[in-house]
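Asker: Questions regarding the structure given below will be posed in turn.
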Amino acid sequence: MRPPRELSGEPLVIGTAFGLRVGERSGVIEGENGYFILESSARKLADSTAWLAQKEVQRTQLRQALQQARIQQYLEGVRAKAKVVDRRKDLFKSQASADASALQ
């Protein structure tokens with residue numbers, strides 16, 4: 001299900017492994033971190049019923065991730081173009097004046 005740690009950064013080697021038939025041996029493959037020779041000893045077919053059962057969940061997760069990314073991009077664009085003027089001091093000053101007038 002998961003390639004050995006040594007092969008995790010070797011996409012060419014993993015791709016070659018998927019292309020081999022049972023009993024077939026590859027030639028020498030130059031990977032990112034060394035040279036490899038692969039031999040396919042067995043093949044286990046994917047369980048399509050298990051994948052079909054979870055397909056909608058996977059689709060929903062992907063859709064939500066895409067929506068979240070688009071929202072983030074939109075908000076970043078709005079923030080980048082926004083001109084924010086901080087007027088809190090004026091508001092606090094006005095509020096303090098109004099409170100002082102109310103006490104008199």
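The values are calculated or read from the model by the stated rules, or taken from the named source; none is laboratory data. Note that this is a predicted model, so its numbers are computed, not measured. Cβ atoms come from the backbone with ideal geometry, glycine included; neighbour counts cover every protein chain shown. Protein only, heavy atoms only, side chains kept; ligands, DNA and RNA dropped before computing areas. Shrake-Rupley method; radii C 1.70, N 1.55, O 1.52, S 1.80 Å.
Asker: Would you pick out the residues in region 37-52 that are among the hydrophobic types (A, V, I, L, M, F, W, C) and either modelled with pLDDT of 90 or more or touching an Asp or Glu at 6+ places or on another chain (Cβ under 6 Å) (or both)?
Answerer: Ile37, Leu38, Ala42, Leu52
Asker: Quick one: in region 1-34, which of the residues that are of a type in the set (Val, Ile, Thr) and within 23 Å of Asp47 (Cα to Cα) is surrounded by the fewest Cβ atoms within 10 Å (Cβ to Cβ)?
Answerer: For region 1-34, the residue satisfying everything is Val22.
Asker: Here is a follow-up. Need the failing condition index for Asp86 against (1) outside any helix (DSSP H, G or I); (2) surrounded by 10 or more Cβ atoms within 10 Å (Cβ to Cβ), just the number.
Answerer: So the condition that Asp86 fails would be (2).
Asker: Output the residue which, of all residues in region 35-47 that are of a type outside the set (A, V, I, L, M, F, W, C) and open to solvent by 70 Å² or more (accessible area, probe 1.4 Å), is nearest to Val13 (Cα to Cα).
Answerer: Among them, the one singled out is Tyr35.
Asker: Of the residues Gln73, Gln58, Gln64, which is within 30 Å of Val22 (Cβ to Cβ) and modelled with pLDDT of 90 or more?
Answerer: Exactly one of Gln73, Gln58, Gln64 is within 30 Å of Val22 (Cβ to Cβ) and modelled with pLDDT of 90 or more, namely Gln58.
Asker: Of the numbered conditions (1) free of Cβ contacts under 8 Å to residues at least 12 places away in the same chain; (2) open to solvent by 100 Å² or more (accessible area, probe 1.4 Å), Ala80 fails exactly one; give the number of that condition.
Answerer: (2)
Asker: Would you be able to say whether some residue in region 66-73 is of a type in the set (Lys, Arg) and over 18 Å from the mean Cα position of the chain (by Cα)?
Answerer: There is no residue in region 66-73 that is of a type in the set (Lys, Arg) and over 18 Å from the mean Cα position of the chain (by Cα).
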